[in-house]
Amino acid sequence: MANPILRRPNVECATGLSRSSIYAKLDPSSPYYDASFPKPIKLGKRAVGWREADISAWLESRTTGAA
């Protein structure tokens, strides 16, 4: 079964987060750092993507814990 790679604009749509919010969640020095947010994978020199399954799992963890 394929595990599609989402590029940043698709991650923004899926999560509702802006570009800066996504990168703030990935930056340990940011007050908005979230260790549970999926790490990107390198696709090329200047290209990254996220596994769709990782983003979906992160979203699920956010909705189940908020009840």
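Scanning region 10-29 for residues that are closer than 23 Å to residue 63 by Cβ, polar (S, T, N, Q) and part of a loop (DSSP other than H, G, I, E, B) returns a single hit, 18.
Please work out if residue 30 is within 10 Å of the chain's Cα centre (by Cα), modelled with pLDDT of 95 or more and surrounded by fewer than 15 Cβ atoms within 10 Å (Cβ to Cβ). Full working, then the answer.
Details: within 10 Å of the chain's Cα centre (by Cα): no; modelled with pLDDT of 95 or more: yes; surrounded by fewer than 15 Cβ atoms within 10 Å (Cβ to Cβ): yes.
No; evaluated as a whole, the condition is false for this residue.
The lone criterion from (1) free of Cβ contacts under 8 Å to residues at least 12 places away in the same chain; (2) under 19 Å from residue 4 (Cα atoms); (3) touching a helix residue (DSSP H, G or I) at 6+ places or on another chain (Cβ under 9 Å); (4) not basic (Lys, Arg) left unmet by residue 34 is number (2). The listed residues are 49, 44, and the only one of them that is assigned to a strand (DSSP E or B) and farther than 19 Å from residue 61 by Cα turns out to be 49.
Can residue 39 be described as free of Cβ contacts under 8 Å to residues at least 40 places away in the same chain and surrounded by 15 or more Cβ atoms within 10 Å (Cβ to Cβ)?
Values: free of Cβ contacts under 8 Å to residues at least 40 places away in the same chain: yes; surrounded by 15 or more Cβ atoms within 10 Å (Cβ to Cβ): no.
No, not satisfied.
Pairs are defined by a Cβ separation below 9 Å, a sequence spacing of at least 6 or placement on different chains, a first member in region 1-13 that is within 19 Å of residue 42 (Cβ to Cβ) and touching a residue at least 40 places away in the same chain (Cβ under 8 Å), and a second member that is part of a strand (DSSP E or B) and of a type in the set (Phe, Trp, Tyr); the pairs so defined are 5/50; 6/50; 7/50; 8/50; 11/50. Out of region 29-43, which residues are of a type in the set (A, V, I, L, M, F, W, C) and under 17 Å from residue 18 (Cα atoms)? Hit for region 29-43 is 37, nothing else.
The values are calculated or read from the model by the stated rules, or taken from the named source; none is laboratory data. Treat the numbers as computed from the prediction; the structure is a model and nothing was measured. Positions of Cβ are generated from backbone atoms using ideal geometry, with glycine treated the same way; all protein chains shown enter the neighbour counts.
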